[in-house]
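Participant: Have a look at the structure that comes next, please.
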Amino acid sequence: MEAYFDNSATTCVTEDVSRAVVKMMTEDFGNPSSKHHKGVEAEHYLRQAREIIADTMKVDEKEIYFTSGATESNNWALIGSALANARSGKHVITTAVEHASVLMPMHFLQQQGFEVTYLPVDEYGRISTDDLKKALRKDTILAAVMYVNNEVGAIEPVEEAGKIIKDWNRNIIFHVDAVQAYGKLRIRPRRMNIDTLSVSSHKIHGPKGAGFLYVRDKAKVNPLILGGGQQKGMRSGTDNVPGAWGMAVAARDCYDHFAEDTAHLLELKKRMMDGLRSLDHTVLHSLPGQEGAPHIVSCSFPGIRSEVLLHALEAKGIYVSSGSACSSNRNLPVSTVLAEMHLPEDQLESTLRFSFSRYNTAEEEDYALEVLRELLPKLRRYTRH
């Protein structure tokens, strides 16, 4: 049996998305900048993709810009906003548990003379809005708060944060990394006072190499990629029509089946959390039910290094993660997210993430829990010797 529980890293594409992408690559393959029929046809697909995505968040289609994924979207939103608003100040706020594609641009901004305040989190990975209020200054021009933490599933108080920020200074750009939230939560950028918001296609059963950035009308954000002037001069380069259209098909599917998918994910989450809790010497780091994201469960297995357990599960056809897939590329000894949550060392080194999709089943979870029940005592005996 095989059980894929690493859906926060990436998801499989649906059959509808696969068919849509292949059609764009083999039949309707025109360059949307071309003036002939094939180009006009491709431009029509791009416009329709924008309409579909905009409708999922009740925003204007002109506020949607296609990118290569969330990393580009985050870099563009943060660096583009900072550069566009630098005359008003050079202070930026973010959280200490952001994804690397936010933290690394923040480090870059610091090298360019900006000052960054990193908000701490509690034992579940959530910021305090009181800390946010205290961090705001007259020279604050940008604040970035992720919607859902990719490692532990913490839901940040985004709507409350947006109100606090705009009440302080309506000109502060409020950016939200919504990669793990889009398709799992209802997102209304206008009501939430969000100026820019990033999403990645391959987290919602869409193709890799595609994403979008929502930019609120009149928000001051400079372009980072210059060239042929595509997308109103904001993001040059030949448009990835197959990626954008495939992402739109996936997005529409997510929100057309939102209620049933969310209910299914919450059932899977509860079943897994109950099962993990029944095992000896386990510590859960994710909040239950709708207090946290519906698709992420983080759990420590003290006494067993996470990579050892990960590969032992892999040998049984069970695929999980020891943290963010992107962060693992930086060869960090422990997760910065878990470290910021002040977990004991034995938990830092022994944490796995289980993340679900609509395609996971209770039978897969039962299989994983049965394998864990067999593996844990053996691995702990081996570790002691």
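The values are calculated or read from the model by the stated rules, or taken from the named source; none is laboratory data. Given the structure is predicted, the values throughout are model-derived calculations rather than measurements. Glycine gets a Cβ as well: all are built from the backbone with ideal geometry, and neighbour counts include every protein chain shown. We work out accessible area using only protein heavy atoms, side chains counted, and drop any ligands, DNA or RNA first. Shrake-Rupley method; radii C 1.70, N 1.55, O 1.52, S 1.80 Å.
Participant: Taking all protein chains in place and a 1.4 Å probe, what share, in percent, of the accessible surface of segment 1-102 do carbon and sulfur account for?
Facilitator: 53 percent
Participant: Which listed residue (Phe354, Ala293, Ala144) has the Cα farthest towards the positive end of the charge dipole for the chain, taking +1 on Lys and Arg C-beta and -1 on Asp and Glu C-beta about the Cα centre?
Facilitator: After comparing all options, I get Ala144.
Participant: Further question: Pop out the carbon and sulfur fraction of the accessible area of segment 230-322 as a percent, whole number, probe 1.4 Å.
Facilitator: Summing carbon and sulfur atoms, their accessible area is 50 percent of the total for segment 230-322.
Participant: Working from Cα positions, state the angle (0 to 90°, nearest 10) between the long axis of helix 258-277 and the longest principal axis of the chain.
Facilitator: With both axes taken from Cα atoms, the answer is about 30 degrees.
Participant: Rounded to whole Hz and in sequence order, give me ³J(HN,Hα) for segment 161-176 from the Karplus expression 6.51 cos²θ - 1.76 cosθ + 1.60, θ = phi - 60°, writing x for Gly and Pro.
Facilitator: In residue order, the calculated couplings are 4, x, 5, 4, 5, 6, 5, 6, 7, 5, 8, 5, 7, 10, 9, 10 Hz.
Participant: Return the lysines within reach of Lys90: Cα separation strictly under 30 angstrom, same-chain partners fewer than 8 residues apart disregarded; answer none if there are no such residues.
Facilitator: Lys62, Lys133, Lys134, Lys138, Lys163, Lys166, Lys218, Lys220, Lys232
Participant: Could you work out the relative contact order of segment 65-202? I mean the mean sequence separation of Cα pairs under 8 Å and 6+ apart, divided by the number of residues, in percent.
Facilitator: 26 percent
Participant: State the label only: which of (i) 19.1; (ii) 21.9; (iii) 20.4 corresponds to mean projected area of the Cα convex hull in nm² computed from the shown model?
Facilitator: (i)
Participant: Can you tell me the accessible area per residue over the chain, all protein chains present, probe 1.4 angstrom, in square angstrom?
Facilitator: Counting only protein heavy atoms, the per-residue value for the chain is 44 Å².
Participant: Related question: Can you run phi through the Karplus equation (6.51, -1.76, 1.60; θ = phi - 60°) for segment 283-291 and list ³J(HN,Hα) in whole Hz, with x for Gly and Pro?
Facilitator: 10, 8, 10, 9, 6, x, x, 7, 5
Participant: Report, in deg cm²/dmol and to the nearest 500, the calculated mean residue ellipticity at 222 nm for the chain, where each DSSP H run with n ≥ 4 adds -39500 (n - 2.57) and the sum is divided by the residue count.
Facilitator: -13000 deg cm²/dmol
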